[in-house]
Structures are given as structure tokens and as C-alpha cells.
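Structure record follows, encoded as C-alpha cells.
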Amino acid sequence: MDDPVLLARLQFAFTISFHIIFPSFTIGLSAYIATLEMMWGISGNSLYKRIALFWTKIFAVSFAMGVVSGIVLSYQLGTNWSGFSAAAGNIIGPLAGYEVLAAFFLEATFLSVMLFGGDRVPQWLHILSAIAVATGTAMSAFWILSANSWMHTPAGYEMRNGVAYPLDWWAIVFNPSFIYRFTHMLNASYLTAGFAVLAVGARYLLAARHFDEARVMVRMAIGLLVILAPLQLFIGDQHGLNTLHYQPVKIAAMEAHWDGSKPDDFHVFAWPDEKGERNLFEISIPRGASIILTHKIDGLFPGLTSVPPDQRPPVKNVFFGFRIMLAVGFYMIGAALFGAWLWWRGLLLTRRWYLNIVARTWWVGFVAVIAGWVVTESGRQPWVVQGVLRTADAISPVAAHAVAITFALFVVVYGIVFIGAAYYINRLIHHGPQGELIESGSKQEGALAQHGIHA
Amino acid sequence: MTLPFALPFGLDLPLVWAGIIGFSVAWYVVADGFDLGIGLLFPFARGEKDRDQMMASVKPFWDGNETWLILGGGGLLVAFPRAYSIMMPALYLPVIVMLLGLIFRGVAFEFRGLANRKQGWNFAFTAGSAVASFAQGVILGGFIQGARVENGAYAGGTFDWLTPFSIVCGLGILSGYTLLGSTWLVLKTSGDLARRARSQALYALGAVLFFMALVSLWTPLVFPRIYERWFTLPNFFYFAPVPFFTAATALACGWGLMRNNDTVPFYASIVLFLLGYLGLVISVFPYLVPPSLTIWQTAAAESSQTFMLIGTLVLLPIILAYTFFVYWLFRGKVREGESYH
Ligand code: HDD
Ligand code: HEM
Ligand code: HEM
């Protein structure tokens, strides 16, 4: 391994995938906590406060992980991608800078009031801090996604001597793919956190602990998910149509569509053969891709062979990443709609098989988020800024061995830290809102019967 | 994009940005300095109760403190992308090692509170703080030494930063953060813990003065450009007060420690740090990539600096206001057993 470009890409893919796990959870969770605090403020019912406090502890751990792994990223743009910083710094710098100000402005400081304020601040300030933190995380997503979207659909700039100069900031911030990427990602965060809350609530119902809290968690989650999960399909579809316009090769890779002169099927499964420029083992829905992308049964859209091989993205990453995201998307829609139907029938809190499934699928959102980013980012290759700067020209003049050493250090350190976070979050969940342990055995069955829960 | 108003005093944009970044770095060094210092003092505490208190004294602040590091580093990318794209590769290993150290101590804040057996995270907290502090000193030294540049990109090797000078700077920062951390404990805690912090602070003060003197003598001797800056007329007369004030502040700090004053030592050690920082600025200004590129040669497009400046001028005062509010909210000595509520 002495290819510095590949090493730099792998290292960055590792550190940023690690980072996004936490924001995608904290953006959603902070909004959930803020909602609970508002409900507490309006109703005066301390049940909401208890639930909010419980999730706040988990939020604190995740947030700390987001902060430390995020700081790494902002420095990696210089340490690993100095060519990118030099060429695109005039544009990316201010956008990333506004994310830091947003993080600063609302998150870091109000967070300390939210976490440690306790009896030192009045109730209204506590609620306000929770809202400020939720707004701050969404605002930092706004700015960083603007920077990222600009890399996919650059606008409002001109190139002089290989350096991008801004011409129109409005066009830069609201570049053509921004609004799709921002809404899709924000919604992804709410879905991710929603499924985590649903899973924890279901887990408590199954164990017959914390019944009051669990009921609120499960109902609030289903109420939210039944709207947001279908919405994600709609936004994703619009996102894809927009991408077809600006990055047709990425779409071709997502669909493993080689020959643009023919309409194509939707491949539920296939093994893209990049040498042979064809797919093996196809299982397809006839004309599916043409219908989705052009809304015509025999519609045409560009294929991978429309560009030479060295301008195509790694097809397998993009193709399978997209399939994984879709699978999760449809699972989420199914689980949410079915849960809503159970609720309507009055069975939501008692159908054990349903609770068993959702209690075990807390992780689906995280998988979809990472898969979605792999689609987006791999699909842009070999460009780092679409059509403007190649990835190979974006790296730093750093020796391959230095990148390899630090990569190994990142894997070790992140591994330890991740195991720690997973362990402690799991323990916080285990202790539950009142700090009790989940009991097992006969007592559990007894308590179950007491609340009228039957298998 | 041009500014909707004229800058006063004939300032230009790169200069304003250099000021903002300089301010952020100074704030970072002092603020994260005292909480990194807590990590350095951790092994010397007597028992977990003391450690709980030490951590509680910085817990509401560390996250906000660390954000200034991003404003410093991120600010460099915003306003001086060319300097950023040269200095970051030049300081590749120390920067990444520093980040890894910050990760360890950052998560230790959260995990230690949740763990039953705390030794592991105590160690992570100390080791992370020590590695991060030392690396920051090395980065400082590497920055003063400068970088080899060809065609606007870094042209040196992986280990160019590694010199006796940068190692000494690393040790100097370790002693400085220990001083800030121990005087912070004098300010924020009471009883045995505070008493021990007092004597630790005295040792740290001695070490700080030693390293300050060493670096002040070393830099002009090794770097002719720094010698010229300080020891030519009339500069010499303008800058002579800096060492003088430094000595006076060190005396005040020592006096406060001996006289059992709670507040003077901490504020005096802040001033001590700022004076050292001022000395550095005098030595290096206006270079961002010594010895070749100045702030004007590495500045971002005017439009980029302007776009960001507008947001910064609106938000920075607000950020400062509520930073002060948080320090005010959590003022006074740490209460026993204080953590989450
Ligand atoms: C969709 C949202 C999103 C995306 C794509 C990213 N981040 Fe992030 N980031 C956040 C959403 C976020 C957040 C929700 O605002 C975090 C997570 C937890 C936190 O502390 O704030 C955060 C934290 C965070 C921090 C610490 C801020 C603080 O001290 O509060 C930094 C420096 C970065 N990020 C930088 C980056 C960079 C350089 C990225 C890409 C290259 C990036 N983030 C991708
Ligand atoms: C249900 C059907 C879904 C469709 C049709 C869909 C569609 C898409 C498309 C076309 C992209 C690529 C955008 C590009 O061109 O760069 C994308 C990216 C992405 N998707 Fe989805 N998606 C769906 C579900 C989900 C779900 C359930 C999640 C997570 C919970 C998710 C998270 C993401 C993320 C994080 C990205 C990368 C960021 C972005 O480009 O927005 N998606 N999605
Ligand atoms: C947090 C969500 C993100 C994830 C999970 C993500 C994921 C990835 C992955 C997997 C790669 C490697 C692609 C490949 O080499 O095949 C990559 C590349 C890259 N991304 Fe992202 N990305 C995210 C957001 C961003 C943002 C917000 C920026 C910048 C503002 C960014 C900048 C880059 C750069 C500079 C590269 C390296 C060049 C390249 O290999 O394309 N990414 N990212």
C-alpha cells in the first residue's frame, strides 16, 4: 500500500463515516429532546421531563463523540487534502466557517446549560437551551451540506489559475443539489433517531419496565415516522431526478446502467462487471429504471459507457450502497405504517412480535446514512469537485507512510472509543429512565400481565 | 462581495482576519490550557473524590473551550487557505497526534462519569491531555521554524518539524498548561485539593519561567529574522517592556500563591501566557508561513473574507457574551458531588 491517493481516500472515508454516525443521531435526538422539554413546559407533566433527562444522558455521550471526530475532519481538509483547500478554499472555507460559528453559536455553549444547568437555571431557560441546541445542530448541517453539495454541483464561481473564486454567494450556498441533500439528510437524521427511540421504547415494553415512559416513546416515534418515512422516499426520488440532470454518470452507476441507447430495467440485484461493461446475475423489474427516472416506459438516460472508463466511479460501491439504502427506506416505511395501523387498532403496545422486531432494528438508520453517503461520494469519483478538481490533484504532498501510520492510529483509537461509547450507551439504556435495572424471569411476566400485555 | 462599510484606522481585510484568528488562538490556549492542565495534574490527585471535583470544575466549559481550536484552525482555512494548505501538511504528524490526544481526553470526560472502574479513563484523560499539550507545543515550535515552500506547496519531508527547538517548545507548553490548571484549581476548589494545587502551581511557575527564558534567548540566536525584529533600533525600545511586564506578572503570581490568594494566581498566569504570546507575535508577524509568505500573500479572495467577516462580526460578540454568561453561571467553588442534574 503505497498509493498516497488511495490511502488518503481510505483514511478520509474511515474518519468521516465514523463522524457521521454521531451527527445523524444527535441532530434527530436533540430535536426529540427539545420537543419533550416543550411538552413538559406546556403540560407541566414531569413524565416528559424524565424522558428528556434520560435521552439527554445518551445525547451527551453521542455529542462528545461527534465533537471530537468532527474536529479531526476540519483539520484533515488541510492535512490530507491540501490541494483541495488551496483550490477550493475560497468557497469551502467560508461555508465550513459558518458551520463552526453555528456549532459555536448555539450548540457548544447552550449544551452546557442543557446538561449541567439543572437547578441553576429557571425552567424556561432550560427549555430554551434544548431548542437552541436542536436548532444549532440543524444549522451546522445546513452549512456543511451546502459545502458538500457545492462539491457535487458547483455554481456561482469562476476558475482563475486553478483556483476557484466566488462570484455569487447566494448561488454558491443554494447550489442546485443543496436543497435536496439538506432535506434528505435532515430527514435521515430524524428517521435514525426515531427508530432508535422506538427500539428503546419497545425494549422496555417487552421487559415490562418503565411502562409510562415506554408508551410515550413508542407512540411519539410512530407518529413521527409514519409521516417522515414515506416523505424520505419522495425527497429521495426528487434528489435522484436532480442528480440525473447534473451527474448522469452517478445515476448510471446507481442503476448499473451501461448502454444509454436502450431503456433499462430496475435491477433488484446484479453483479456489475466493470471489465466486461455488463451485469451478471440480474434480477430485474422490467423497464423499472426508465419509469422511475424518465416517467416513460421506454425513456432513455445516459449509460456508463457514455464516458471513458477512467471517468467512471467505482460502480459496485455506488450500486450496492444505493440498494442498501433503498432496502432500509422501504423497511422503515413498512414498519412505520404497520405500527400506525396497530395503534389505530389499539394493539401497538401489546403486539409482541412487532415490538420484538422494532426493538432489534435500532441500527437501520445508521446503515442507511452511511450507505447513502457512499453512493453520493463514490458516485462523484474521479472528481472531488465535479468537473473542476480531480481527487488525485486534491491530496497533500505528504508521504504515503505518514498517511499509513496515522490511518492505523485512527483505526485503533476510534475502535477503542467506539467500543466505549457503545458499551456506556447500552448501559444507560439498560438502567432506564429511573436508573432501575431491567429485570428478567417470572417477575417480568407478572409485570407484563399487570399492564395487560400478551404475546 | 465588498464590505458595506469602510474599515477604520486604515485596516485591511487580511489584517483584520489575522487579528480574529490571533484572538481565537489566544483564547483557545488559555481556555483549553487550563482544562488540559487539569488532565496533567490528574495523576497527582489523592483519590477519586478529588478527581471527581477536578473534573467537575471544568466539565461545563471544556466543549466550548475546544471549539475555539476549530475557530483558529478553521479560520485559517477561511481567511488564509494557502497558509493552511502549506502548514497543515508540514505539521502533519503533530497535528494528527494532537487530535488523537484530544479525542481520548474528550471522551474520557463522558466515559469516566459513567464507568464503575475509573482507572482506565483516568489514564486516558491524562495521557490524552499530555499528548495533546505536548503536540501543541511542537506545532508552535514548528510554526516558528517555518516550512520549505516550492510552487506554493509544502516541499519538505515528514519529519522536518522534529528539532530540539520544537521539543523544548512542547515541554514549555506542558509546564504552562500545568500552571494554568493548578491555578484554576486554586480558584475553583477548596480544602486539601486547593492546598496541594498551590504548591504544584509554584513548581509549574518555576518551570514556565525557565522555558520562557530559554525560548526567548534561543529564538533570536537561531533565527536571524527574529534577532533583527527585537534587537534593532527603535524596535528594541518599543518591545523592551514585554520582558519587564512578564517578570512583574510572574512575581504577582508567586506572591498570590504564597499569600493564599485564590484569584490572583489564575489571572496572573493568564496574563503571563498572553505576554508570551505577544512576544511570539512580535517575533513572527506578518509571516504565516515563515520565512517566505505573509498574511497578504496567503489571503483568501476578498469576497470570501468579506462574506465570512459579516457573519463573524455579528456572531462573535454574541458568542463572547454568552461564553461569559456560562462562566458566570457556573461561578464560584465547585460544589461537592456536582455533576448532572
Ligand atoms: C449532516 C450533518 C453533518 C455533516 C455532513 C458533517 N457534520 Fe460535523 N457535525 C454535525 C453535523 C455534520 C453536528 C450535528 O453539528 C455535530 C455532531 C455532534 C456535534 O457536536 O455537532 C458536528 C460536529 C462537528 C465539529 C465539532 C463542532 C463542535 O465543537 O460543536 C466539527 C469541527 C465538524 N463537525 C466538522 C465537520 C466536517 C469538516 C465535516 C465534513 C467534511 C462534517 N463535520 C460533516
Ligand atoms: C426510500 C427511498 C430512498 C430513496 C429513493 C433515496 C434516494 C437517494 C439518492 C438518489 C441519493 C443520492 C444523491 C446524490 O445524487 O448524491 C441519496 C443519498 C443519501 N441518502 Fe437516500 N434515499 C432513500 C432512503 C434513505 C433513507 C431511509 C436514509 C437514511 C435514513 C437515506 C440517507 C441518505 C443519505 C445520508 C444520503 C447522502 C446524502 C445526500 O446526498 O443526501 N436515504 N438518497
Ligand atoms: C458526513 C457525511 C459524509 C460521508 C459519510 C462522506 C463519505 C465519503 C466517502 C466514503 C468518501 C470516499 C469516496 C471514495 O473515495 O470512493 C469521501 C470522499 C470525500 N469527501 Fe465525503 N462524505 C461526507 C461529507 C463530506 C463533506 C461535508 C465534505 C466537505 C465539505 C466531504 C469532502 C470529501 C472529500 C474532500 C473527499 C475526498 C476525495 C474523494 O475521495 O472523493 N465529504 N467522503
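The values are calculated or read from the model by the stated rules, or taken from the named source; none is laboratory data. The shown structure was predicted, so the numbers you read here are calculated from the model rather than taken from an experiment. We place every Cβ from the backbone using ideal geometry, glycine too, and count neighbours over all the protein chains shown. What goes into the accessible areas is simple: the full protein's heavy atoms, side chains included, and nothing from ligands, DNA or RNA. Shrake-Rupley method; radii C 1.70, N 1.55, O 1.52, S 1.80 Å.
Kindly evaluate A:THR183 against the criterion of being within 16 Å of ligand 1 (Cβ to nearest atom), open to solvent by 10 Å² or more (accessible area, probe 1.4 Å) and in contact (Cβ under 8 Å) with a residue 40 or more places away in the chain. The answer is yes for A:THR183. Each residue in region A:385-399 was checked for being open to solvent by less than 40 Å² (accessible area, probe 1.4 Å), closer than 15 Å to A:LEU6 by Cβ and more than 10 Å from chain B (Cβ to nearest Cβ), and 2 pass. Is it the case that some residue within region A:128-136 is over 23 Å from the mean Cα position of the chain (by Cα), more than 10 Å from chain B (Cβ to nearest Cβ) and of a type outside the set (A, V, I, L, M)? Yes: region A:128-136 contains one or more residues that are over 23 Å from the mean Cα position of the chain (by Cα), more than 10 Å from chain B (Cβ to nearest Cβ) and of a type outside the set (A, V, I, L, M). The helices (runs of 4 or more DSSP H) found entirely in region B:157-234 that carry 2 or more residues being within 21 Å of the chain's Cα centre (by Cα) are B:164-188, B:191-222.
Evaluate the following for A:TYR75: is it out of contact with any Asp or Glu (no Cβ under 7 Å at 6 or more places or on another chain), open to solvent by 20 Å² or more (accessible area, probe 1.4 Å), more than 26 Å from A:GLY432 (Cα to Cα) and at the interface with another protein chain (Cβ under 7 Å from one of its Cβ atoms)? Criteria not met by A:TYR75. Does A:ILE91 qualify as being at the interface with chain B (Cβ under 8 Å from one of its Cβ atoms), away from ligand 2 (no atom under 16 Å from the Cβ) and either open to solvent by 10 Å² or more (accessible area, probe 1.4 Å) or more than 26 Å from A:TYR157 (Cα to Cα) (or both)? Criteria not met by A:ILE91. Here is the figure for region B:267-294: residues that are in a helix (DSSP H, G or I), open to solvent by 50 Å² or more (accessible area, probe 1.4 Å) and more than 19 Å from B:ASP35 (Cα to Cα) total 2. In the set B:LYS59, B:LYS118, only one residue is open to solvent by 10 Å² or more (accessible area, probe 1.4 Å), more than 30 Å from A:PRO166 (Cβ to Cβ) and facing chain A (nearest Cβ under 7 Å); that residue is B:LYS59. Evaluated against (1) in contact (Cβ under 8 Å) with a residue 24 or more places away in the chain; (2) surrounded by fewer than 20 Cβ atoms within 10 Å (Cβ to Cβ); (3) away from chain A (no Cβ under 13 Å), B:LEU11 falls short on exactly one condition, (1). A:ARG50 meets each of the listed conditions (1) within 14 Å of chain B (Cβ to nearest Cβ); (2) buried (at least 20 other Cβ atoms within 10 Å of the Cβ); (3) closer than 20 Å to A:ALA221 by Cα apart from (2). Flag: A:ALA86 matches the condition of being within 16 Å of ligand 3 (Cβ to nearest atom), aliphatic (A, V, I, L, M) and facing another protein chain (nearest Cβ under 7 Å).
A quick yes/no check of all residues on (1) in a loop (DSSP other than H, G, I, E, B); (2) farther than 30 Å from B:ASP12 by Cβ; (3) facing chain A (nearest Cβ under 10 Å):
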| residue | (1), (2), (3) |
| --- | --- |
| B:ALA300 | yes, no, yes |
| B:SER304 | no, no, yes |
| B:GLY311 | no, no, yes |
| B:LEU320 | no, no, no |
| B:VAL326 | no, yes, yes |
| B:GLY332 | yes, yes, no |
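Got at least one residue in region A:148-171 being at the interface with chain B (Cβ under 9 Å from one of its Cβ atoms), surrounded by fewer than 24 Cβ atoms within 10 Å (Cβ to Cβ) and part of a helix (DSSP H, G or I)? Checking region A:148-171: at least one residue is at the interface with chain B (Cβ under 9 Å from one of its Cβ atoms), surrounded by fewer than 24 Cβ atoms within 10 Å (Cβ to Cβ) and part of a helix (DSSP H, G or I). Residues considered: A:LEU326, A:LEU349, A:LEU342. Of these, the only one that is under 24 Å from A:TRP373 (Cβ atoms) and modelled with pLDDT of 90 or more is A:LEU326. Of the residues making up region A:429-443, those that are open to solvent by less than 40 Å² (accessible area, probe 1.4 Å) and modelled with pLDDT under 90 are A:GLY432, A:PRO433, A:ILE438. Of the candidates B:THR246, B:THR232, B:THR263, the single residue that is out of contact with any Phe, Trp or Tyr (no Cβ under 7 Å at 6 or more places or on another chain), at pLDDT 90 or above, surrounded by fewer than 19 Cβ atoms within 10 Å (Cβ to Cβ) and hydroxyl-bearing (Ser, Thr, Tyr) is B:THR263. What residue, of A:LYS57, A:LYS49, is among the charged types (D, E, K, R), under 22 Å from A:GLY201 (Cα atoms) and within 16 Å of ligand 1 (Cβ to nearest atom)? It is A:LYS57. Could you please let me know if A:VAL375 is away from every other protein chain (no Cβ under 14 Å) and either of a type in the set (Gly, Ala, Ser) or more than 16 Å from ligand 1 (Cβ to nearest atom) (or both)? For A:VAL375, the condition - away from every other protein chain (no Cβ under 14 Å) and either of a type in the set (Gly, Ala, Ser) or more than 16 Å from ligand 1 (Cβ to nearest atom) (or both) - is not met. Looking at A:LEU348, A:LEU337, which one is more than 16 Å from ligand 3 (Cβ to nearest atom) and open to solvent by less than 10 Å² (accessible area, probe 1.4 Å)? Of the residues listed, the single one that is more than 16 Å from ligand 3 (Cβ to nearest atom) and open to solvent by less than 10 Å² (accessible area, probe 1.4 Å) is A:LEU348.
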